[in-house]
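Participant: Would you mind keeping the following structure in view while I ask a few things?
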Amino acid sequence: MPAAFLLIHAKPSRAWSVLLSWTLFAAGIGAYFYVSHARHRDNPEDRVMPTIAQMARGMYNAALQPAEEDEATAPPDNFVQRFFGSMLWKDTRASARRFFYSMALLVPAVLLGLHMGLFPYAGSFFLRFILFFDKIVALSLLPILFIAFGIDELAKVMLIVIGVAPTIILDTFNLVRGVPAEQTVKAFTLGAGDFDVAYRVVLKQVMPRILNSIRLNLKSVMLFLFAGEMIASTDGLAFRIALLRRHMGMDVIIPYVLWVALLLFLVDLGMRRLNRMLHPWFRES
Amino acid sequence: MPLIEIRDVSVAYGTPTRPVLDRVSLAIEEGEFVCLLGQTGCGKSTLLRLVLGAERPAAGRILVDGRVHHQPDRTRGYVPQKYSLFPDKTVLDNITFGPEVCEFGLAARLTPRFFRRRREFRRQAFEYLQRIGLEPSDAAKYPDQLSGGMQQRVAIAQALITRPRILLMDEAFSALDPGTRKGMQRLIRQLWKDTGATILFVTHNTHEALRLGTRVVVLAKEMPDSGSRVMLDLPVPEPCRDDDIPRLVRRLESASTSSDPLAPASALSEKW
Ligand SMILES: Nc1ncnc2c1ncn2[C@@H]1O[C@H](COP(=O)(O)OP(=O)(O)OP(=O)(O)O)[C@@H](O)[C@H]1O
Ligand SMILES: [Mg+2]
């Protein structure tokens with residue numbers, strides 16, 4: 001190994017990079033099971049750090065058995081049917097539905113940001129209000145939302161939208177403002193109209209950056225989603241986690257947390273792939 | 001009546017305002033090929049933006065075809081100094097952008113007629129691609145896969161294909177090697193003769209200005225902190241004889257460096 005192996009010019013080999021990148025995962029998992037094992041030796045009834053076998057059993061039950069609250073229905077015999085009747089699937093579907101409703105509502109947010117950035121009247125009309133709105137702590141609106149929209153789906157989706165949309169609008173606005181004036185002038189001299197310029201010149205070239213901005217905001221989307229579900233909901237992944245906390249159901253909570261992380265990772269990966277596929281010209285910098 | 005009439009135009013930027021152009025007046029007849037010379041920062045690009053209607057002068061008026069234009073449109077083609085190509089479109093789509101938006105709105109682009117017409121646009125675009133000296137294989141590339149000189153040439157093709165009556169070019173040849181530059185100069189001269197377009201061409205190269213233009217205009221500041229004015233407006237004898245050129249170059253260069261802010265510095269460096 002060269003002497004300067006910790007310095008800027010070090011060039012770790014591929015094998016070393018891969019090994020290093022997995023080290024913390026291995027250490028974390030190892031430490032967990034070491035401590036869990038030790039606790040179970042002292043107290044076989046320990047519920048705080050379930051063993052791998054307990055978690056596997058908990059997850060198996062979650063993925064193949066219906067939730068407690070609708071146990072009444074006759075259990076189907078088919079494996080796939082059992083999965084689709086299971087607690088895990090029910091919760092995932094409920095959360096995913098709210099998630100995608102809110103994502104769909106970000107489309108108008110992007111369009112609003114685009115128009116604010118390009119059309120001076122739209123900019124003057126909306127900008128100050130949205131700057132103000134952006135500063136409102138969305139979670140503090142939660143009680144108001146529950147009073148105004150009831151405690152059903154609408155309130156939860158609105159919480160997400162109110163929490164995330166201003167950021168997306170302002171980000172789009174700034175990205176649109178960042179497009180060099182030469183581009184719009186050039187498009188007009190080629191005979192383009194205002195909407196050609198807005199949608200075919202400006203929106204198209206800021207789109208990959210907007211998608212990246214939405215990717216960065218996925219965390220906030222999930223944050224607001226979970227807050228809504230934990231406080232007022234009868235299904236959803238966060239509802240389940242909050243419910244199981246009352247019975248110390250760590251054998252299901254931990255796999256659920258990892259499941260949510262995996263889902264979010266997959267959504268992010270999907271968006272990154274989509275971005276690269278739709279915008280092959282875009283160089284991330 | 002001149003096609004472009006710039007009347008006592010002044011422009012100032014910043015706070016506190018610093019004048020850039022100071023009562024510039026210029027009348028350009030239809031079919032002229034005007035080359036604009038001047039030191040860097042003297043307001044050449046600003047003047048082009050004013051003619052485009054992308055900016056308003058602080059004082060004075062700019063009449064194109066007898067009226068004031070408040071926004072750029074397709075009568076005035078533009079090859080900007082930078083950011084001239086749409087980064088999200090291939091070379092071919094960049095060139096066909098003009099013809100497409102001229103004939104088809106956003107909704108009309110979904111009709112079958114559009115796809116039939118587009119084949120014609122593409123054929124035409126390949127013709128231009130060849131004229132500016134690019135390979136057909138470059139057509140599918142994105143702008144940032146091209147060299148600076150290739151980008152400039154695509155930007156010129158993009159502006160030429162819509163056949164604007166007035167063409168404003170801002171240092172359009174600055175990134176080209178001498179050989180390609182000669183070729184592009186011939187191409188522009190040829191297109192100018194064929195179409196009878198009026199061209200306003202910004203350049204830093206005095207020889208190029210004399211070779212291309214029918215008229216050379218020099219912008220320069222009288223004092224270091226005043227705005228630029230028209231210092232020299234020189235009709236180029238047609239055809240321009242080679243032995244005339246050195247004399248004209250000297251005249252042009254002395255006009256544009258009359259208040260050279262770098263002059264004291266260079267005198268200083270001579271002493272060292
Ligand atoms: N949007 C702007 N805001 C503030 N100042 C500006 C702006 N645009 C141009 N300027 C200033 O106006 C002056 C003229 O700029 P301009 O781009 O017209 O110069 P130029 O003659 O084209 O120079 P070059 O040959 O380097 O391209 C410069 O000093 C520049 O700093
Ligand atoms: Mg310039």
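Participant: Taking the range A:174-206 on its own, how many of its residues are closer than 19 Å to B:ILE161 by Cα and in contact with a Ser or Thr (Cβ under 9 Å, 6 or more places away or on another chain)?
Facilitator: 9
Participant: Being of a type outside the set (Phe, Trp, Tyr), farther than 30 Å from A:THR172 by Cα and at pLDDT 90 or above narrows it down to one of A:LEU24, A:LEU105, A:LEU111, A:LEU64, so name that one.
Facilitator: Values: A:LEU105 fails: farther than 30 Å from A:THR172 by Cα; A:LEU111 fails: farther than 30 Å from A:THR172 by Cα; A:LEU64 fails: at pLDDT 90 or above.
Testing whether each residue is of a type outside the set (Phe, Trp, Tyr), farther than 30 Å from A:THR172 by Cα and at pLDDT 90 or above leaves just A:LEU24.
Each row is one residue, and each column tells you yes or no for (1) under 22 Å from the mean Cα position of the chain (by Cα); (2) more than 14 Å from every other protein chain (Cβ to nearest Cβ); (3) closer than 29 Å to B:VAL154 by Cα.
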residue	(1), (2), (3)
A:PHE149	no, yes, no
A:VAL157	yes, yes, no
A:VAL179	no, no, yes
A:ASP196	no, no, yes
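Participant: Being surrounded by fewer than 13 Cβ atoms within 10 Å (Cβ to Cβ), farther than 20 Å from A:PRO280 by Cα and within 13 Å of chain A (Cβ to nearest Cβ) is true for just one of B:ALA107, B:ALA140. Which residue is that? Before the answer, list the steps.
Facilitator: On the way: B:ALA140 fails: farther than 20 Å from A:PRO280 by Cα.
Criteria check complete, one pass: B:ALA107.
Participant: Exactly one of (1) at pLDDT below 90; (2) within 14 Å of chain B (Cβ to nearest Cβ) is unmet by A:ALA232. Its number?
Facilitator: For A:ALA232, the failing item is (2).
Participant: Here's a check for you: in the range B:19-74, which residue that is within 15 Å of ligand 1 (Cβ to nearest atom) and among the hydroxyl-bearing types (Ser, Thr, Tyr) is nearest to the other protein chains (Cβ to nearest Cβ)?
Facilitator: Residue satisfying both the conditions and the ranking: B:SER45.
Participant: Using beta carbons and a limit of 6 Å, which pairs, at least six apart or on different chains, have the first residue in the range B:159-170 and within 15 Å of B:LEU85 (Cβ to Cβ) and the second one part of a helix (DSSP H, G or I) and of a type in the set (A, V, I, L, M)?
Facilitator: B:ILE161/B:ILE95; B:ASP170/B:LEU48
Participant: Could we say that A:MET59 is in contact with a Gly (Cβ under 7 Å, 6 or more places away or on another chain) and in a helix (DSSP H, G or I) here? Break it down into steps so the answer makes sense when it comes.
Facilitator: Details: in contact with a Gly (Cβ under 7 Å, 6 or more places away or on another chain): no; in a helix (DSSP H, G or I): yes.
Considered against the rule, which asks whether it is in contact with a Gly (Cβ under 7 Å, 6 or more places away or on another chain) and in a helix (DSSP H, G or I), A:MET59 comes out as no.
Participant: Is at least one residue of the range A:89-96 surrounded by fewer than 16 Cβ atoms within 10 Å (Cβ to Cβ), out of contact with any helix residue (DSSP H, G or I) (no Cβ under 6 Å at 6 or more places or on another chain), of a type outside the set (S, T, N, Q) and not assigned by TED's automatic domain parsing to the domain that holds A:LEU237? Don't jump to the end; show me each part of the working.
Facilitator: Residues of the range A:89-96 that are surrounded by fewer than 16 Cβ atoms within 10 Å (Cβ to Cβ), as a first pass: A:93, A:96.
Imposing the further condition that a residue be out of contact with any helix residue (DSSP H, G or I) (no Cβ under 6 Å at 6 or more places or on another chain) reduces the set to A:93, A:96.
Subsequent filtering for residues that are of a type outside the set (S, T, N, Q) retains A:93, A:96.
Subset that is not assigned by TED's automatic domain parsing to the domain that holds A:LEU237: none.
Checked the range A:89-96: no residue is surrounded by fewer than 16 Cβ atoms within 10 Å (Cβ to Cβ), out of contact with any helix residue (DSSP H, G or I) (no Cβ under 6 Å at 6 or more places or on another chain), of a type outside the set (S, T, N, Q) and not assigned by TED's automatic domain parsing to the domain that holds A:LEU237.
Participant: Would you mind finding the one in A:LEU223, A:LEU211, A:LEU262, A:LEU266 that is within 14 Å of chain B (Cβ to nearest Cβ) and either buried (at least 16 other Cβ atoms within 10 Å of the Cβ) or on the phi < 0 side of the Ramachandran plot (or both)?
Facilitator: On the way: A:LEU223 fails: within 14 Å of chain B (Cβ to nearest Cβ); A:LEU262 fails: within 14 Å of chain B (Cβ to nearest Cβ); A:LEU266 fails: within 14 Å of chain B (Cβ to nearest Cβ).
Within the list A:LEU223, A:LEU211, A:LEU262, A:LEU266, the selection yields A:LEU211.
Participant: In the range B:117-137, what count of residues is obtained for those that are among the acidic types (Asp, Glu), more than 12 Å from B:ILE95 (Cα to Cα) and assigned to a helix (DSSP H, G or I)? Give the steps one after another, and end with the answer.
Facilitator: Of the range B:117-137, the ones among the acidic types (Asp, Glu) are B:120, B:127, B:135.
From what is left, the residues that are more than 12 Å from B:ILE95 (Cα to Cα) are B:120, B:135.
If we keep only those that are assigned to a helix (DSSP H, G or I) too, we end up with B:120.
The total comes to 1.
Participant: Mind listing whichever residues of the range B:162-183 are buried (at least 21 other Cβ atoms within 10 Å of the Cβ) and more than 16 Å from ligand 1 (Cβ to nearest atom)? Spell out how you get there, then give the answer.
Facilitator: Of the range B:162-183, the ones buried (at least 21 other Cβ atoms within 10 Å of the Cβ) are B:164, B:166-170, B:172-173.
Result: B:PRO164, B:ILE166, B:LEU167.
Participant: In the range B:59-82, is there at least one residue being in a loop (DSSP other than H, G, I, E, B), surrounded by fewer than 19 Cβ atoms within 10 Å (Cβ to Cβ) and within 13 Å of ligand 2 (Cβ to nearest atom)? Break it down into steps so the answer makes sense when it comes.
Facilitator: Initially, the range B:59-82 is screened for residues in a loop (DSSP other than H, G, I, E, B), giving B:65-66, B:68-75, B:80-82.
If we keep only those that are surrounded by fewer than 19 Cβ atoms within 10 Å (Cβ to Cβ) too, we end up with B:65-66, B:68-71, B:73-75, B:81-82.
Now narrow it down to the ones that are within 13 Å of ligand 2 (Cβ to nearest atom): B:81-82.
Yes, because at least one residue in the range B:59-82 is in a loop (DSSP other than H, G, I, E, B), surrounded by fewer than 19 Cβ atoms within 10 Å (Cβ to Cβ) and within 13 Å of ligand 2 (Cβ to nearest atom).
Participant: Is it the case that B:THR15 is at negative phi and in a helix (DSSP H, G or I)?
Facilitator: Numbers: at negative phi: yes; in a helix (DSSP H, G or I): no.
No.
Participant: If I filter the range B:34-58 down to residues being away from ligand 2 (no atom under 16 Å from the Cβ) and in contact (Cβ under 8 Å) with a residue 24 or more places away in the chain, which single residue comes out as surrounded by the fewest Cβ atoms within 10 Å (Cβ to Cβ)?
Facilitator: Residue satisfying both the conditions and the ranking: B:ALA58.
Participant: Against the condition at pLDDT 90 or above, in a strand (DSSP E or B) and more than 14 Å from the chain's Cα centre (by Cα), how does B:ALA54 come out, does it pass?
Facilitator: On the way: at pLDDT 90 or above: yes; in a strand (DSSP E or B): no; more than 14 Å from the chain's Cα centre (by Cα): yes.
Spelling it out, it is not the case that B:ALA54 is at pLDDT 90 or above, in a strand (DSSP E or B) and more than 14 Å from the chain's Cα centre (by Cα).
Participant: Please find, within the range B:83-92, the residue that is nearest to ligand 2 (Cβ to nearest atom) out of those that are more than 8 Å from chain A (Cβ to nearest Cβ) and buried (at least 21 other Cβ atoms within 10 Å of the Cβ).
Facilitator: Taking the candidates together, the pick is B:LEU85.
The values are calculated or read from the model by the stated rules, or taken from the named source; none is laboratory data. These figures come from a predicted structure and were not determined experimentally. Reconstructed Cβ throughout: ideal geometry from the backbone, glycine too, with neighbour counts over all protein chains shown.
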